[in-house]
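Okay, so here's the structure we're looking at.
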Amino acid sequence: MTALSVSTSSAASLRADALVIGVAKGPKGLVVASGAEAVVEAFEGKLAEVLTTLGATGAEGEAVKLPAAAGLKAPLVLAVGLGESAEGGYDAETLRRAAGVAARTLAGVKKAALLLPAESAEEIEALALGGLLGSYSFGSYKGAGSGKEPVGELVLLAARKGSKDAKAAAERATALGEEINRARDLINTAPNDLHPKAFAAIAQAAGKEHGLKVEVLDEKALAKGGFGGILGVGVGSANPPRLVKVAYTHPKAKATLAFIGKGITYDSGGISLKPAGHNETMKCDMSGAAAVFAAVVAAKRLGLAVNVTGWLALAENMPSGSATRPGDVLRMYGGKTVEVLNTDAEGRLVLADAIVRAGEENPDVIVDVATLTGAMVLALGNRTFGVMANDDELRTRLHETAEAVGEQSWPMPLPAELRKAMVDTTIADLQNMGERMGGGLVAGLFLKEFVAEGIDWAHLDIAGPAFHEGAPYGYTPKGGTGSAIRTLVRFAEDTANA
Ligand code: BES
Ligand code: ZN
Ligand code: ZN
């Protein structure tokens with residue numbers, strides 16, 4: 001794991017293997033951003049010219065290496081693009097991404113210093129988090145020496161008088177960054193290794209490490225408790241389901257949040273089997289549960305003055321002789337019955353049980369996170385999650401929270417007319433399919449049926465951004481991204497500070 005440190009030494013005298021500077025697109029070509037003054041000086045004012053000769057433009061995502069000039073202790077300079085030059089300072093997401101690009105580009109390097117334009121604690125935190133997230137690599141299944149090691153240490157420079165703030169900022173970023181990277185590991189782990197029982201065991205161990213209370217309901221306890229949704233989804237698999245509760249409490253908390261994560265460790269579709277081309281990445285179907293777990297641990301590590309209970313609804317959705325059939329009726333936790341018309345609409349079934357169970361504890365707010373529908377990916381693309389809620393203010397708040405932490409989201413409606421097709425069944429109280437059009441909203445409406453009267457509830461459909469299949473960009477690697485964790489943690493933080 002990459003180490004973060006804060007240093008008050010001067011950039012020129014800093015012993016590092018690489019110095020990272022920011023470059024931007026100015027009105028007359030490339031400009032070097034503030035923070036890199038020592039490097040500009042060492043190049044005798046010719047740095048922008050040299051970089052332009054090398055093809056650098058300052059565009060976002062760009063990374064250009066050059067040998068350092070005499071007078072610098074480091075041998076290498078890396079210039080990362082910040083996009084359009086912004087004299088008044090760069091927004092946090094630009095800094096996060098630039099640090100991420102730097103960390104990715106410098107894999108294999110032992111120690112790198114970031115001389116990017118950051119002064120406030122918030123800006124330093126953004127650099128630290130971007131650097132930690134960008135240094136992520138998943139190597140569990142590769143032989144030793146098969147790839148470059150992540151950058152060993154990232155040094156953030158701070159003026160002596162602000163070094164205490166900078167240190168605290170780096171510590172906050174470390175807590176959050178490590179938990180996001182842990183979630184990414186869980187998502188990237190092959191589904192034959194991360195079945196519900198294994199996930200629950202990891203949650204128990206990590207909970208113990210951080211002093212969190214973790215309770216696991218196994219298949220027997222689930223049957224005894226009447227969790228028909230979770231059991232119905234898991235019953236076709238040789239790996240039985242689990243419901244994990246992880247609780248963080250703070251003595252000064254004035255509010256309690258319940259976060260619920262969809263944890264389908266593999267979604268084959270079940271008897272309504274997915275065709276080839278649609279199941280290769282379905283190990284990512286537990287990204288919601290990974291996000292929720294990470295958020296609760298991060299809330300604890302940050303010491304937020306709020307109670308946060310995480311619920312991980314874990315099951316493996318497989319076809320077999322014991323699997324739930326299209327046409328079966330499940331009796332959900334709390335007593336509602338659901339006719340399962342498509343076993344591939346399984347996420348809403350495990351979530352429904354968890355929503356009812358979480359509601360029994362009367363939280364102030366419930367937020368569920370789920371890779372719930374392909375329809376949401378069609379609607380919003382691969383980088384934006386949908387936000388639905390039974391309360392307009394809460395939906396707006398979550399969307400704005402996401403924006404504040406640099407996550408792309410968009411508010412989506414729960415149109416009343418789409419409910420009818422789901423509840424007008426002759427067989428059961430509900431069916432797990434509604435109209436095809438607006439499928440992401442139909443799924444949201446299904447979940448809403450299980451929210452207890454008087455509880456504010458929101459639903460984040462992260463099916464698009466949870467798993468990144470393209471080339472890495474910014475601090476986002478290929479594979480599990482850790483989508484929604486920053487939003488959940490900031491939401492908890494804002495609740496604590498309200
Ligand atoms: N896990 C999938 C949704 C998904 C799709 C996640 C793409 C990530 C990327 C979910 O369980 C599913 O299969 N949903 C069905 C629902 C349909 C049968 C009503 C879908 O979206 O097609
Ligand atoms: Zn499915
Ligand atoms: Zn699924």
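Where the centre of each part is set by its Cα atoms, how far does segment 225-247 sit from segment 179-193, in angstrom?
Comparing the Cα centres of segment 225-247 and segment 179-193, I get a distance of 20 Å.
Under unit Cβ charges (Lys, Arg +1; Asp, Glu -1), what dipole magnitude, rounded to 20 debye, does segment 317-466 have relative to its Cα centre?
Taking the Cα centre of segment 317-466 as origin, the dipole is about 480 debye.
Aspartates and glutamates within cross-link reach of Lys28: Cα-Cα under 20 Å, excluding same-chain residues under 8 positions apart?
Cα-Cα hits under 20 Å: Glu37, Glu44, Glu49, Glu60, Glu62, Glu84, Glu87.
Pairs Lys245/Lys300; Lys224/Lys336; Lys164/Lys300; Lys164/Lys208: which exceed 19 Å Cα-Cα?
The pairs that break the limit, which is 19 Å between Cα atoms, are Lys164/Lys300; Lys164/Lys208.
At 1.4 Å probe size, what's the solvent-accessible area of Ile202? Round to the nearest 10 Å².
The accessible area of Ile202 comes to roughly 60 Å².
Run the numbers on the chain and let me know its relative contact order in percent, using alpha-carbon pairs under 8 Å that are six or more apart.
Averaging sequence separation for qualifying contacts and normalising by length gives 15 percent for the chain.
How large is ³J(HN,Hα), in whole Hz, for each residue of segment 234-245 in order, when computed from phi with the Karplus curve 6.51 cos²θ - 1.76 cosθ + 1.60 and θ = phi - 60°, using x for Gly and Pro?
Coupling constants for segment 234-245: x, 5, x, 9, 6, 9, x, x, 9, 10, 10, 10 Hz.
Over segment 357-427, what relative contact order in percent results from Cα pairs under 8 Å that are six or more residues apart?
About 25 percent, as a whole number.
Which one, Gly234, Thr189, Phe446, is farthest towards the positive end of the dipole of the chain when Lys and Arg carry +1 and Asp and Glu -1 on their Cβ?
Of the options given, the answer is Thr189.
Tell me, how many Å apart are the Cα centres for segment 252-274 and for segment 64-110?
38
GluC sites (Glu not before Pro) within segment 441-498: which are DSSP loop residues with at most 15 other Cβ atoms inside 10 Å?
Numbers: sites: Glu449, Glu453, Glu469, Glu493; in loops: Glu449, Glu453, Glu469.
Here the GluC sites (Glu not before Pro) that fit, given the DSSP loop and packing criteria, are Glu453, Glu469.
Pull up the cross-link candidates among the lysines for Lys25, meaning alpha carbon to alpha carbon under 21 Å and not fewer than 8 places away within one chain.
List returned: Lys46, Lys65.
Under 8 Å for C-alpha pairs, at least 6 residues apart: give me the relative contact order for segment 75-167, rounded to a whole percent.
Reported as a whole number, the value is 36 percent.
Peptides 8-15, 113-120: what's the order by average Cβ count within 10 Å, highest mean first?
Averaged packing, sorted descending, gives the order 113-120, 8-15.
Which distance in Å, rounded to a whole number, links the C-alpha centroids of segment 446-469 and segment 376-401?
Cα centroid of segment 446-469 versus Cα centroid of segment 376-401: 9 Å apart.
Counting Lys and Arg as +1 and Asp and Glu as -1, each charge on the Cβ, what is the dipole of the chain about the Cα centre in debye, to the nearest 20?
With only Lys, Arg, Asp and Glu charged at Cβ, the dipole is about 1260 debye.
Looking at segment 26-87, which GluC sites (Glu not before Pro) are in a loop (DSSP not H, G, I, E or B) and have at most 13 other Cβ atoms within 10 Å?
Answer by residue number: Glu44, Glu87.
Suppose we keep just the DSSP beta bridges with both residues in the chain; what percent of those would be antiparallel, to 5?
The antiparallel fraction comes to roughly 40 percent.
Taking +1 at the Cβ of each Lys and Arg and -1 at the Cβ of each Asp and Glu, which of Val329, Val423, Val369 sits farthest along the dipole of segment 304-457 towards its positive end, judged by Cα position relative to the Cα centre?
It is Val329, whose Cα lies furthest towards the positive end.
What 222 nm value per residue comes from the helices of the chain, counting each DSSP H run with n ≥ 4 as -39,500 (n - 2.57) and dividing by all residues, nearest 500 deg cm²/dmol?
Dividing the helical sum by the residues of the chain leaves -10500 deg cm²/dmol.
Peptides 476-482, 50-56, 167-173: what's the order by average Cβ count within 10 Å, highest mean first?
Output ranking for 476-482, 50-56, 167-173: 476-482, 167-173, 50-56.
Along the positive direction of the dipole of the chain (beta-carbon charges: Lys, Arg +1; Asp, Glu -1; about the Cα centre), which of Ala175, Ala305, Ala258 reaches farthest?
Ala175
Rolling a 1.4 angstrom probe over the protein chains, ignoring ligands and nucleic acids, what is the accessible area of Glu417 in square angstrom, nearest 10?
Using a 1.4 Å probe on the heavy atoms, I get roughly 120 Å².
For segment 25-132, which trypsin sites (Lys or Arg not before Pro) are in a loop by DSSP, counting at most 13 other Cβ atoms within 10 Å?
Filter output for segment 25-132: Lys28, Lys46, Lys110.
For Lys283, list the aspartates and glutamates whose Cα falls under 17 Å from its own Cα; do not include residues on the same chain fewer than 8 positions away.
Asp185, Asp193, Asp267, Glu316, Asp344, Glu346, Asp461, Glu469
For Met282, Met1, what's the largest-to-smallest order of accessible area, 1.4 Å probe? Mind showing how you got there, number by number?
Working: Met282 35, Met1 155 Å².
My answer, sorted largest first, is Met1, Met282.
What does the C-alpha gyration tensor say about the overall shape of the chain? Classify as rounded when a/c is under 1.5, otherwise prolate if a/b is larger than b/c, or oblate.
Prolate, because a/c is 1.5 or more and a/b exceeds b/c.
The values are calculated or read from the model by the stated rules, or taken from the named source; none is laboratory data. This structure is a prediction, so every number in the text was calculated from the model and none was measured. Positions of Cβ are backbone-derived with ideal geometry, glycine not excepted, and every protein chain shown enters the neighbour counts. Side chains included, ligands, DNA and RNA excluded: accessible areas come from the protein's heavy atoms. Shrake-Rupley method; radii C 1.70, N 1.55, O 1.52, S 1.80 Å.
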